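Take a look at the structure set out below.
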Amino acid sequence: MQNHIHVKRKNMKAFLLGAVFLALALVGLVTIILSAIQATQKLLDQSDQKQEYARIIAPVVMFDTVAFDNVAKLDNKSILQSSIWKILIDTQLGNSENQFNYDDTGLVVIPASDVEIAAKKLFGPKASIKHESFTDYESTSYYYDEETKSYHLPMMGKVPLYVPKVERIEREGSYVNLTVGFVPPGSTWGMDLNNTKYEPQPAKYMMYQLMDSDDGLIIYSVSEIKQEDLGNLAPSGTDGQAASSQTSSAAESVEAAGGSEDGISVDLNKTT
């Protein structure tokens, strides 16, 4: 019990001080995502609007969710993991009344009812989910307890696949079209030997269409962008190249901040 209190206090302190690279727990990962969004947009301009849109779509972009033109066509796992991470990000930002709760083994506990609410806030009232256990791209287990109607997931430090970089905003009536760059997190910060900041370069671009709703903006659709429609925007490489360089880039970024690659990958889950 004392261990969990220590971890929570340590990560909150890290968040307040901006030490995003000392992320040894779940709270630290949320901080990495939010700080990456902020750093990425600040290198472009000081647009608070772009940062706000980036925060809305971050739980979907971070898992490289496939394109969809109707939330009913989106697979259940994508909705579940994005909704869970919306809860975690909102809680860290103070935009939610929820607090992180833990079970006896130290796993974070999230009620299924909260996930349902988050899904509708993220994708709209038509979002429907089937509660079930699943694993993510790093084989991290999200265990669903049918008896308590809650999800249990380990506290861990991990790097998302991408963080969003909002390049363009186009408002069309009740819709907002966002041209979004997918930036491997390791390339969103760091310095070279001359103390020059790395400029974030997206590995690819997608179109995110948001729609006004009674609960605010929801993600209505996600679509591919044709190369000829990018204009002066161009991906820095193929998806394969981005994926292969992600681990080394993340390690270099952590080193530049005085951290370690091991600090990012530590899994504090206790075996049940």
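Every read-out reported here was derived from the displayed coordinates using simple, explicitly stated rules and does not represent laboratory data. Remember, it's a predicted structure, so these values are computed and weren't measured experimentally. FYI the Cβ positions are ideal-geometry reconstructions off the backbone, even for glycines, and counts take in every protein chain you see.
How would you order 53-61, 147-155 from highest to lowest mean count of nearby Cβ atoms within 10 Å?
Values: 53-61: 23.7, 147-155: 17.8.
In decreasing order of mean packing, 53-61, 147-155 become 53-61, 147-155.
When the convex hull of the C-alpha atoms of the range 58-151 is computed, what volume per residue in Å³ does it have? All intermediate terms of the calculation are to be shown ahead of the outcome.
Numbers: hull volume 9.8 nm³, N = 94.
Value for the range 58-151: 104 Å³ per residue.
By how many nm would the segment from A67 to E138 lengthen if fully extended, with 0.36 nm per residue of separation less the alpha-carbon distance?
Numbers: separation 71, 0.36 × 71 = 25.56 nm, distance 2.09 nm.
In short, 23.5 nm is gained.
Could you work out the local net charge near D145, counting Lys and Arg as +1, Asp and Glu as -1, over the other residues with Cβ closer than 13 Å to its Cβ?
On the way: positive: K149; negative: D103, D104, E132, E146, E147.
Cβ neighbours under 13 Å give a net charge of -4.
Cross-link list K86/K204; K50/K149; K73/K165: which exceed 28 angstrom alpha carbon to alpha carbon? List each step's numbers first, then the result.
Numbers: K86/K204 23 Å; K50/K149 36 Å; K73/K165 25 Å.
Beyond 28 Å between Cα atoms: K50/K149.
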